[in-house]
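Trainee: Got a structure here, written out as structure tokens. Questions coming.
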Amino acid sequence: MFYWSIIHRFVYITQDMTVKDQIIIYQTTDGTTSIDVKLENETIWLNQYQLAKLFKTDRTSLAKHIRNIYKAEELDEISTCAKFAQVQTEGSRNIRREVTHYNLDLIISVGYRVNSKQGTQFRIWANKILK
């Protein structure tokens, strides 16, 4: 059985002293999985690489499940998908990319489709964090 624990919580505060978003790092108690989780607008956001790590599956399968969720109109793409800017250094250059992230509703739907024990534990953990 997997148990999730918070390792660190980073809070970004705007100039008017309001909390903009948070990044929570969590890992399984056995230390085999650790993911930075973006917490914004009262939901959790993960990208496809994080989803693949969470569910221990490949991105091709995830993309198929995500497409099918939207095609079946199980969830609305506009409300469950967002692009967040990511800056990384490549050589001597800073590269800015828009990376697609998916919210907790989509993460849960994908978790049911891949039938992952890790996904079930993530849902339990996420519900505790969001309360």
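The numbers here are math on the coordinates, done by the rules we state, and not lab data. Please read these numbers as outputs of a predicted model, since none were measured by experiment. Cβ placement follows ideal geometry from the backbone for every residue including glycine, while neighbour counts extend to all protein chains displayed.
Trainee: Can you sort Arg93, Arg59 so the residue with the fewest Cβ neighbours within 10 Å comes first?
Mentor: Lowest count first: Arg93, Arg59.
Trainee: Rank these for me by crowding, Trp45, Trp125, going from fewest to most other beta carbons within 10 Å.
Mentor: Trp125, Trp45
Trainee: Right, here's the next one. Only counting other Cβ atoms within 10 Å, I'd like Thr100, Thr89 sorted with the fewest neighbours first.
Mentor: So the ranking, lowest neighbour count to highest, is Thr89, Thr100.
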